[in-house]
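What follows is a single structure, written as structure tokens, with notes after it.
A short reminder: the numbers here are calculations on the coordinates, not readings from a lab. Not measured: the values here are computed from a predicted model. Ideal geometry is used to build each Cβ from the backbone, glycine not excepted, and the neighbour counts take in all protein chains shown.
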Amino acid sequence: MRAEDVKDDLVNVLFTEEQIHGKLAEMAKQIEADYEGKDLLIVGVLKGAAMVMADMARSFTRHVDMDWMAVASYGSGTKSSGVVRIIKDLDIDIHGRHVLIIDEIIDTGLTLSWLTSSLRARGAESVEIATLLRKPDALQMPVDPKYVGWDIPNDFVVGYGLDYREKYRNLRDIGTLAPHIYS
Ligand code: 5GP
Ligand code: MG
Ligand code: MG
């Protein structure tokens, strides 16, 4: 669905589908250049990064291996629970591999700070992060993504994989959720 299909639920549209695709293509190009001559494994963090993974992976003009993890750090609402646990682990052994974690948003940084150390401890050759969005004002843990699409204000956003109570993931664009939806 498009932003106009849920326009009463959104305060604004931050990024249109077209802008998102443009940004991902740019990021993919940079990543390709940086990992030239190296085997690359991209790891998507379910469920939010599903759309970013799908579109970014297809922007590459080379092979990349793809795997997925599911971790939980959030409750069903808009606040972090402060707890990270693995719901689904990697299928691929990452020992000696160049791993690039793909995520849709860094908020407190709790999830990715934990995930990065966890994957490094498994003996990966390198572990870096690519995220479409980042909220610099919300950061609580030291996370230093190598690739960032856009920095955004500290508001709750939905669309393009980002949910509110499992809704809005299939929205093509990214928008700020209207407070009347969650208050
Ligand atoms: P963290 O706080 O650990 O950096 O973010 C963990 C997860 O919380 C993100 O991967 C995402 O699923 C969710 N999250 C953080 N900020 C937002 C937001 O503004 N909107 C939505 N829908 N999810 C968010
Ligand atoms: Mg995520
Ligand atoms: Mg969520």
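Overview of values
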| quantity | calculated |
| --- | --- |
| Dipole in debye (nearest 20) - the chain, about Cα centre, beta carbon charges: Lys, Arg +1; Asp, Glu -1 | 340 debye |
| DSSP beta bridge pairing in region 41-183, given as percent antiparallel to the nearest 5 | 25 percent |
| Residue exposure sequence - Lys88, Lys29, Lys135 - by fewest surrounding Cβ within 10 Å | Lys88, Lys29, Lys135 |
| Per-residue [θ]222 nm for the chain (sum of -39500 (n - 2.57) over DSSP H runs n ≥ 4, rounded to 500) | -7000 deg cm²/dmol |
| Rounded to whole Å, sorted largest first: equivalent-ellipsoid semi-axes of region 17-155, Cα gyration tensor | 22, 19, 13 |
| Whole-Å distance, taken between Cα centres, linking region 147-183 and region 1-71 | 15 Å |
| Between 0 and 90°, nearest 10: helix 17-34 axis offset from the chain longest Cα axis | 20 degrees |
| Proxy reagent accessibility, fewest Cβ within 10 Å first, across Met53, Met66 | Met66, Met53 |
| Derived scalar couplings ³J(HN,Hα) [region 2-8; Karplus, 6.51 cos²θ - 1.76 cosθ + 1.60; whole Hz; x for Gly, Pro] | 10, 3, 5, 6, 10, 5, 6 |
| Distant-in-sequence amide H partners of Trp150 (H built 1.01 Å from N, under 5 Å) | Leu133, Arg134 |
| Helix 50-59 vs. the chain, principal-axis angle (Cα, 0 to 90°, nearest 10) | 60 degrees |
| Cα-based helix-to-principal-axis angle, 110-120 vs the chain, degrees rounded to 10 | 10 degrees |
| Extended-chain gain in nm, criterion 0.36 nm per residue less alpha-carbon gap, Glu4 and Asp65 | 18.4 nm |
